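Remarks on the structure that follows.
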Amino acid sequence: MSCRHLGGVDVIQVHVAHVEDMERTVAALAPLGTERPRIDTPTRSIAVPVEEGSARLLEAVRALDSLGVILSDIGLRRATLDEVFLKLTGRPAEAAPETGEDANESNSGRKRRRRAA
């Protein structure tokens, strides 16, 4: 299965100038997306996975302009590997923590390589 068949391979990324505009920006962008917008309030950032990204970006700009929302930035980007993983599995990608035994083997392997060099 190609990534194109996953839908929402493009992402509209918006940074609003004022945190007060977050809620209405999300409401305006949500209908454009293939899934719910991802919101990061501390950075005033909203990411919306979309299909036909260029067309949806124009719609987003028009919608936000008509609302008078002031943006710090808006752009279109490809989904990250973490976002694709989340879409496929429904859970975030996380690095597996090293167990004590694995960590010891890893460290001893590094020491041996250093001595051999």
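Key figures
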| item | result |
| --- | --- |
| Cβ pairs under 6 Å, 6+ apart, first in region 79-106 and farther than 20 Å from Ile12 by Cα, second at pLDDT 55 or above and not hydrophobic (A, V, I, L, M, F, W, C) | Ala93/Asp82 |
| Any pair with Cβ under 7 angstrom, 6 or more apart, that starts in region 32-47 at a residue that is of a type in the set (D, E, K, R) and ends at one that is part of a loop (DSSP other than H, G, I, E, B) and at pLDDT below 95 | Glu35/Gly8 |
| Those residues of region 51-73 which are crowded, with 16+ Cβ neighbours inside 10 Å and in contact (Cβ under 8 Å) with a residue 60 or more places away in the chain, in sequence order | none |
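The values are calculated or read from the model by the stated rules, or taken from the named source; none is laboratory data. Values in this document were obtained by computation on a predicted structure and should not be read as measured data. In this analysis, Cβ positions are derived from the backbone assuming ideal geometry, glycine residues included, and neighbour counts consider all displayed protein chains.
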